[in-house]
1. Residue check: is Arg139 away from the ligand (no atom under 16 Å from the Cβ) and in contact (Cβ under 8 Å) with a residue 40 or more places away in the chain?
2. Starting from the stretch 178-201, take each residue that is open to solvent by 40 Å² or more (accessible area, probe 1.4 Å) and list its partners that are part of a loop (DSSP other than H, G, I, E, B), counting only C-beta distances under 6 angstrom and pairs at least six apart or across chains.
3. Within the group Glu240, Glu236, Glu300, Glu266, which residue is part of a helix (DSSP H, G or I), surrounded by fewer than 21 Cβ atoms within 10 Å (Cβ to Cβ) and within 15 Å of the chain's Cα centre (by Cα)?
4. Filter the stretch 309-331 for residues that are among the small types (Gly, Ala, Ser) and open to solvent by 10 Å² or more (accessible area, probe 1.4 Å); which is farthest from Gln198 (Cα to Cα)?
5. Please specify each residue of the stretch 42-56 satisfying the condition of being near the ligand (Cβ under 9 Å from one of its atoms) and surrounded by fewer than 20 Cβ atoms within 10 Å (Cβ to Cβ).
6. Within the stretch 63-94, restricting attention to residues that are open to solvent by 30 Å² or more (accessible area, probe 1.4 Å) and of a type in the set (Ser, Thr, Tyr), which residue is nearest to Gly117 (Cα to Cα)?
7. Which one of Thr88, Thr96, Thr149 is closer than 20 Å to Val291 by Cα and out of contact with any helix residue (DSSP H, G or I) (no Cβ under 8 Å at 6 or more places or on another chain)?
Amino acid sequence: MESQKKRKIKITGTGFYAPDKILTNFDLEKMVDTTDEWIFTRTGIRERRIASEDQATSDLAVEAGKRALKNAGLKVKDIDLIIVATSTPDTIFPSTACWVQKGLRADHIPAFDISVGCTGFLYGLILAEGMILSGINKRILLIGGEILTKVTNWKDRNTCVLFGDAAGAVVLEESDDDSGILSYYWRADGNLGNLLSQPGGGSRIPASVQSIAQDLHYLQMKGNEVFKHAVKCMGEAALEALKSAGLKREDVDYLIPHQANIRIIEATGRRLKIPREKVYSNIHKYGNTSVATIPICLDELHKADKLKKGDVLVLDAFGAGFTWAAVVYRW
Ligand code: ACO
């Protein structure tokens with residue numbers, strides 16, 4: 001399952017898109033019984049972006065995809081597969097990836113979604129590696145896009161302060177040098193699925209007047225439980241992936257964790273004994289954008305010229321399922 005290998009795939013372009021509308025903690029103070037101080041000290045979040053009423057996840061994803069392609073110096077015709085990771089699809093079917101393919105006018109390349117919660121971008125990287133190194137695809141556009149604020153219960157202060165909307169994208173192809181994915185580790189545990197879910201609207205509890213009256217169409221989470229598992233599993237994933245790459249924690253230039261809560265991010269850094277300045281975080285600006293958090297961090301670091309050739313990155317995530325994964329990447 002894990003691998004340390006010679007042939008690699010690498011990221012040749014990055015991009016992200018976040019809607020213009022900003023919702024601050026002070027705005028939330030007017031909506032539920034909370035304070036900026038509580039939200040910031042418990043989560044690290046100051047503000048988040050909110051999609052407009054007429055925006056769906058694919059609209060954000062198309063924009064992020066265009067930006068990643070531009071950054072790679074490529075055109076839509078240069079890619080041969082679109083993978084979209086999302087838990088908030090435009091529609092249950094068709095897949096969001098098909099809506100993205102339409103939006104990009106990427107006729108008629110294959111396109112599909114993966115639904116793995118917040119770990120979706122890392123599962124997507126691992127999947128893309130398999131597709132490219134097996135010779136099935138040459139250049140893949142991988143997008144993590146989410147509009148969690150449309151499945152958020154705005155009366156529930158336990159969850160509504162946490163999430164934001166955005167999409168992040170990368171272009172992936174076979175590496176012609178030393179850079180690329182060095183190793184990975186991925187896991188899932190469906191026994192814990194009920195701790196973080198959107199229970200209604202699927203085939204278990206189809207949408208009905210009753211399901212809506214019971215708020216089952218909203219995201220539900222046992223925050224404390226999720227927190228404990230996230231810290232443990234993200235630590236495990238990063239250590240196992242480093243071991244598989246034959247690297248030590250001292251070799252890491254950047255830990256780029258999924259941005260769910262600053263306390264999870266810092267606890268993961270401490271568990272791995274990686275100094276705080278090497279642990280990247282931008283959660284204060286965007287909140288938890290689920291699958292979009294890691295590609296947004298990558299794009300920010302890349303565009304700010306903070307990534308040097310040869311830098312070792314550990315991408316590390318945890319999400320609904322539960323699922324968790326880490327990817328060790330040489331820039
Ligand atoms: N404002 C003020 N008080 C609040 C708020 C709020 N927004 N939310 C909860 N509280 C209260 C609670 O009601 C509780 O009060 P009580 O003691 O009177 O009952 C108190 O604050 C403490 O609540 P806890 O849930 O124990 O607070 P905690 O410190 O655990 O923080 C949080 C809650 C932020 C949700 C945290 O548990 C967390 O971040 N969990 C992980 C969430 C996460 O990572 N989810 C996603 C992972 S996967 C993915 O990204 C989809």
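1. Judged against the criteria, Arg139 is a match.
2. Cβ pairs passing all conditions: Ala188/Gly321; Asp189/Phe322; Leu192/Phe322; Gln198/Val151; Gln198/Leu219; Gly201/Ala207; Gly201/His217.
3. Glu300
4. It comes out as Gly310.
5. Passing the criteria: only Arg42.
6. Per the stated criteria, the residue is Ser87.
7. Thr149
Residues are listed down the side, and each one gets a yes or a no for (1) closer than 19 Å to Pro19 by Cβ; (2) out of contact with any strand residue (DSSP E or B) (no Cβ under 9 Å at 6 or more places or on another chain); (3) aliphatic (A, V, I, L, M):
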position: Val84; (1), (2), (3): yes, no, yes
position: Ser87; (1), (2), (3): yes, no, no
position: Gly120; (1), (2), (3): no, no, no
position: Ile126; (1), (2), (3): no, no, yes
position: Ser134; (1), (2), (3): no, yes, no
position: Asn137; (1), (2), (3): no, no, no
position: Ile140; (1), (2), (3): no, no, yes
position: Glu146; (1), (2), (3): yes, no, no
position: Thr152; (1), (2), (3): yes, no, no
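The values are calculated or read from the model by the stated rules, or taken from the named source; none is laboratory data. Everything numeric in this text was worked out from a predicted model, so none of it was measured. All Cβ positions, glycine included, derive from the backbone under ideal geometry; neighbour counts span all protein chains shown. Accessible surface is based on the protein model in full, side chains and every heavy atom, while ligands, DNA and RNA are left aside. Shrake-Rupley method; radii C 1.70, N 1.55, O 1.52, S 1.80 Å.
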